[in-house]
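J.: This is the structure I have questions about; it appears just below.
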Amino acid sequence: MRLYCATTNPGKLREFRIALDARFEVDTLPGLAEIPPCEETGVTFEENAVEKALYYSKHCGEYLFVDDSGLEVDALGGAPGVYSARFAGPDATDEANNQLVLDRMRGVRDRPARFVCVVALAREGELIHTFRGEVEGRLAEEPRGANGFGYDPLFFYPPFGCTFGEALLERKMGVSHRAAALGVMQEWLAAGGAGGW
């Protein structure tokens, strides 16, 4: 089954393809670069994922999915949350976002955090379903590891004894928020959701 996604993030695209098994082929929405970006106005991951899925699926006659994901830090009241990609500003780098989180967490000993991902599946401007995945961990004191992207170097996952930035991609994808949400979508589709195949 072919699924289209609306992302220009190569890290996300690579993870999408790893998370979905051989029953699914994932391609970027054709012409995505020419489509004006969807303005994200939601205050939850669900709202943003649905907003983007409805917007981009109008340009696609097949199933299209979009994810909205980010880091929630308890000591920061759930921030950066839906602003994860632009926490340090509209054109912020991963490094700048990570540094701002660390700056705000300086001196804080209680550091629970989680990655959250919501995937919205749509077709021709109509929402079909949403799927959610989470993974619990804690915020490291400094970035560790060069793997992954985003906040991976800051996200310490106790069962691994290391950050996601230090873990191999395949290992991370066995437990990640994105893999969890996509796994639920995959099984829902395989079980006949949205009319199945």
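J.: Please rank SER176, SER69, fewest neighbouring Cβ atoms within 10 Å first, as an exposure proxy.
T.: The order, fewest Cβ neighbours first, is SER69, SER176.
J.: Right, here's the next one. Shape call for segment 2-195 from the C-alpha gyration tensor, a ≥ b ≥ c root eigenvalues: rounded (a/c under 1.5), prolate (a/b greater than b/c) or oblate?
T.: It is prolate, given that a/c is not under 1.5 and a/b is the larger ratio.
J.: Could you tell me what percent of the DSSP beta bridges with both partners in segment 2-195 are antiparallel, to the nearest 5?
T.: 80 percent
J.: Can you tell me how segment 104-144 classifies by the Cα gyration tensor, rounded, prolate or oblate, using a/c under 1.5 as the rounded cut?
T.: prolate
J.: For the chain, take the longest principal axis of its alpha carbons; what is the angle in degrees between that and the long axis of helix 177-190, to the nearest 10 within 0 to 90?
T.: 20 degrees
J.: Further question on the same structure: With angles folded into 0 to 90 degrees, how steeply does helix 45-57 sit against the dominant principal axis of the chain? Use alpha carbons for both and round to 10.
T.: For 45-57 against the chain, the angle is about 40 degrees.
J.: Per DSSP H run of n ≥ 4, the term is -39500 (n - 2.57); total these for the chain, divide by its residue number, and report the mean residue ellipticity at 222 nm rounded to 500 deg cm²/dmol.
T.: So the calculated ellipticity at 222 nm is -8000 deg cm²/dmol.
J.: What length, rounded to one decimal in nm, is gained on full extension from ALA96 through to GLU136, with 0.36 nm per residue of separation minus their alpha-carbon distance?
T.: Contour length minus Cα-Cα distance gives 12.1 nm.
J.: What order, most packed first, do the peptides 14-20, 115-121, 98-104 have when packing is the mean number of other Cβ atoms within 10 Å of each residue?
T.: 115-121, 14-20, 98-104
J.: Using alpha carbons only, how many degrees (0 to 90, rounded to 10) separate the axis of helix 10-19 from the longest principal axis of the chain?
T.: 70 degrees
Laboratory data are not the source of any read-out in this text; all were calculated from the coordinates shown. On a predicted model such as this, the values are computed, not experimentally measured, just so you know. Backbone-built Cβ (ideal geometry, glycine too); neighbour counts: all protein chains shown.
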